Amino acid sequence: MAEFPLPPGSTLGILGGGQLGRMLAQAAARLGFDVAVLEREADSPAGRVAAHTIVGPYTDHTALQALAAVASVVTYEFENVPAASVLALGAMGVEVAPGPEALAVAQDRVAEKQFLNANGAPTVAFQAAATPEEAVAAAQAMGAPVLMKTRREGYDGKGQRWVEHAADAARIFAELGSVPVILEAPADFVRELSIIAARGRDGATAVYPLAENHHEGGILRRSLAPAIVSPALAEQAERIAARILGGLGYVGVVGIELFELADGRLLVNEIAPRVHNTGHWTQDGCEVDQFEQHIRAVAGWPLGPTTPHARIEMLNLLGDEIDAWERLSHETDTRIHLYGKRDAKPGRKMGHVNRVKAL
């Protein structure tokens with residue numbers, strides 16, 4: 001196992017070669033680290049800015065050995081990394097951060113809700129179902145409408161359907177693949193918020209100001225940050241973040257999606273054990289952004305300041321919206337972050353822009 005803090009010149013491993021891996025690699029390079037990316041495709045956004053690219057499935061033993069041979073510590077850019085890969089790297093003597101407990105909680109929506117509730121982080125009411133009959137019974141007991149989601153995988157609105165009538169639950173269960181699901185009560189929220197927080201190897205924590213988020217079709221369209229919130233609401237969010245970080249013995253950055261209710265209470269929608277789309281505003285709005293913060297945490301460095309110095313409107317560029325890059329480049333208050341993806345498919349995140357305003 002490596003000794004921390006890692007000195008500059010060390011190599012950090014990243015499981016996953018998408019845009020989050022790319023921005024993590026860029027942040028690591030600024031701090032003097034090399035990066036090795038393990039990705040299934042040779043021509044990945046992260047691989048093109050990394051010192052090493054290892055091509056292979058995340059479960060391929062030879063590829064994992066190659067990563068373990070060069071990396072002092074490994075992190076991941078998305079939470080659907082196979083748990084077996086993390087365990088295999090550990091057996092090879094390489095630590096993965098965040099650790100396997102965070103991954104296990106985030107990969108199963110029922111386990112996630114149970115963990116959150118057990119650690120004083122409130123959520124909507126929920127029930128699990130593994131058969132069509134259980135799905136119908138859960139919808140009847142909870143009272144439709146309810147939101148049915150697959151327990152595992154699914155992102156950006158995928159893997160979920162609304163059940164308007166309990167009798168429809170069996171059909172929707174089949175449409176979702178006849179796999180175990182969770183049924184969630186609707187949240188009567190006034191807005192969606194998120195908080196990005198980090199915990200270092202020494203247990204120190206750092207929390208960014210809240211962001212207000214707007215989704216379209218299950219995909220994040222824009223974030224406004226720092227969100228205009230009361231001190232009491234900000235304190236409530238920070239308490240929730242502290243409980244989650246402490247309960248997981250976490251190392252790294254976590255994204256926590258929240259619902260703000262009319263009475264001022266916050267419910268946790270879900271957690272992501274990684275850097276998060278709703279934290280992209282920190283790149284141009286804070287002294288140390290979420291990507292550098294994550295690298296600092298996993299490398300055992302002190303966490304950096306999260307003080308905002310600007311108000312940011314972050315806009316995702318989806319599909320062929322990337323073609324507006326030339327027009328956007330003329331906007332003096334706009335900072336462009338493009339991901340280097342080859343194909344601009346509809347709904348695919350191709351980049352984002354941060355529009356910078358004075359606080």
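If I ask for residues that are more than 20 Å from residue 340 (Cα to Cα) and among the polar types (S, T, N, Q), which ones from the stretch 291-327 would you list?
Listed by number, the residues that qualify are 293, 306, 307.
Being charged (D, E, K, R) and closer than 29 Å to residue 140 by Cβ is the filter here; which residues of the stretch 180-208 pass it?
The initial filter retains those residues of the stretch 180-208 that are charged (D, E, K, R), namely 184, 188, 191-192, 199, 201-202.
Across the stretch 180-208, the qualifying residues are 184, 188, 192.
Can you say whether residue 106 is surrounded by 15 or more Cβ atoms within 10 Å (Cβ to Cβ), outside any loop (DSSP other than H, G, I, E, B) and either touching a helix residue (DSSP H, G or I) at 6+ places or on another chain (Cβ under 8 Å) or in the same structural domain as residue 298 (by TED's automatic domain parsing) (or both), as far as the supplied structure shows?
Criteria met by residue 106.
Might you check whether a residue that is within 20 Å of residue 276 (Cα to Cα), crowded, with 17+ Cβ neighbours inside 10 Å and of a type in the set (D, E, K, R) occurs anywhere in the stretch 70-79?
So far as the stretch 70-79 goes, yes, one or more of its residues are within 20 Å of residue 276 (Cα to Cα), crowded, with 17+ Cβ neighbours inside 10 Å and of a type in the set (D, E, K, R).
Taking the options 82, 45, name whichever one is outside the structural domain of residue 301 (by TED's automatic domain parsing) and either modelled with pLDDT under 95 or out of contact with any Lys or Arg (no Cβ under 7 Å at 6 or more places or on another chain) (or both).
Checking each option against the conditions leaves just 82.
Quick check, is residue 191 at pLDDT 95 or above, surrounded by fewer than 18 Cβ atoms within 10 Å (Cβ to Cβ) and out of contact with any Lys or Arg (no Cβ under 9 Å at 6 or more places or on another chain)? Steps first, please.
Details: at pLDDT 95 or above: yes; surrounded by fewer than 18 Cβ atoms within 10 Å (Cβ to Cβ): yes; out of contact with any Lys or Arg (no Cβ under 9 Å at 6 or more places or on another chain): yes.
Yes; evaluated as a whole, the condition is true for this residue.
From the residues in the stretch 316-354 that are touching a helix residue (DSSP H, G or I) at 6+ places or on another chain (Cβ under 7 Å), of a type in the set (Val, Ile, Thr) and surrounded by fewer than 17 Cβ atoms within 10 Å (Cβ to Cβ), which one is nearest to residue 19 (Cα to Cα)?
Of everything passing the filter in the stretch 316-354, 336 is nearest to residue 19 (Cα to Cα).
Scan (1) assigned to a strand (DSSP E or B); (2) out of contact with any His (no Cβ under 6 Å at 6 or more places or on another chain) for the single condition residue 297 breaks and write down its number.
That leaves (1) as the condition not met.
Working only within the stretch 111-163, note down all residues that are hydroxyl-bearing (Ser, Thr, Tyr) and in contact with a strand residue (DSSP E or B) (Cβ under 7 Å, 6 or more places away or on another chain). If you could, list the steps in order and put the result at the bottom.
Going through the stretch 111-163, the residues hydroxyl-bearing (Ser, Thr, Tyr) turn out to be 123, 131, 150, 155.
Once the filter is applied, which keeps residues that are hydroxyl-bearing (Ser, Thr, Tyr) and in contact with a strand residue (DSSP E or B) (Cβ under 7 Å, 6 or more places away or on another chain), the stretch 111-163 yields 123, 150.
Mind listing whichever residues of the stretch 300-315 are surrounded by fewer than 21 Cβ atoms within 10 Å (Cβ to Cβ) and touching a His at 6+ places or on another chain (Cβ under 9 Å)?
Within the stretch 300-315, just 315 meets the criteria.
Pick out, from the stretch 1-61, the strands (runs of 3 or more DSSP E) lying fully within it that include 1 or more residues that are touching a residue at least 24 places away in the same chain (Cβ under 8 Å), on the phi < 0 side of the Ramachandran plot and surrounded by 24 or more Cβ atoms within 10 Å (Cβ to Cβ). Lay out the reasoning, then the answer.
Values: elements: 11-15, 34-39, 52-55.
Fully inside the stretch 1-61 and qualifying: 11-15, 34-39.
Could you check, for the stretch 130-141, whether at least one of its residues is under 23 Å from the mean Cα position of the chain (by Cα) and either assigned by TED's automatic domain parsing to the domain that holds residue 198 or farther than 30 Å from residue 198 by Cα (or both)?
Scanning the stretch 130-141, I find no residue that is under 23 Å from the mean Cα position of the chain (by Cα) and either assigned by TED's automatic domain parsing to the domain that holds residue 198 or farther than 30 Å from residue 198 by Cα (or both), so the answer is no.
Just wondering, is there one or more residues in the stretch 240-251 that are modelled with pLDDT of 95 or more, surrounded by fewer than 19 Cβ atoms within 10 Å (Cβ to Cβ) and touching a helix residue (DSSP H, G or I) at 6+ places or on another chain (Cβ under 8 Å)?
Taking the stretch 240-251 and keeping what is modelled with pLDDT of 95 or more, we get 240-251.
Now narrow it down to the ones that are surrounded by fewer than 19 Cβ atoms within 10 Å (Cβ to Cβ): 242-243, 246-247, 249.
Subset that is touching a helix residue (DSSP H, G or I) at 6+ places or on another chain (Cβ under 8 Å): 247, 249.
Looking for residues that are modelled with pLDDT of 95 or more, surrounded by fewer than 19 Cβ atoms within 10 Å (Cβ to Cβ) and touching a helix residue (DSSP H, G or I) at 6+ places or on another chain (Cβ under 8 Å), one finds at least one in the stretch 240-251, hence yes.
If you go through the stretch 204-234, how many residues are without any contact (Cβ under 8 Å) to a residue 12 or more places away in the chain and farther than 20 Å from residue 311 by Cα?
Residues that pass the stated criteria total 1.
Quick grid of which residues meet (1) surrounded by fewer than 20 Cβ atoms within 10 Å (Cβ to Cβ); (2) over 25 Å from residue 277 (Cα atoms); (3) without any contact (Cβ under 8 Å) to a residue 12 or more places away in the chain:
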residue	(1), (2), (3)
121	no, no, no
127	yes, yes, no
133	yes, yes, no
141	yes, yes, no
159	yes, no, no
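Looking at the stretch 253-260, is at least one residue at pLDDT 95 or above, part of a helix (DSSP H, G or I), closer than 24 Å to residue 5 by Cα and within 18 Å of the chain's Cα centre (by Cα)?
Taking every residue of the stretch 253-260 in turn, none turns out to be at pLDDT 95 or above, part of a helix (DSSP H, G or I), closer than 24 Å to residue 5 by Cα and within 18 Å of the chain's Cα centre (by Cα).
Conditions first: (1) of a type in the set (A, V, I, L, M, F, W, C); (2) within 18 Å of residue 282 (Cβ to Cβ); (3) modelled with pLDDT under 95. Residue 197 passes all but one, so which condition is the exception?
Result: residue 197 passes all but (3).
If a residue must be among the polar types (S, T, N, Q) and in a loop (DSSP other than H, G, I, E, B), how many such residues does the stretch 322-359 contain?
Of the residues in the stretch 322-359, 1 are among the polar types (S, T, N, Q) and in a loop (DSSP other than H, G, I, E, B).
The values are calculated or read from the model by the stated rules, or taken from the named source; none is laboratory data. Quantities reported herein were computed from a predicted structural model and do not represent experimental measurements. Positions of Cβ are backbone-derived with ideal geometry, glycine not excepted, and every protein chain shown enters the neighbour counts.
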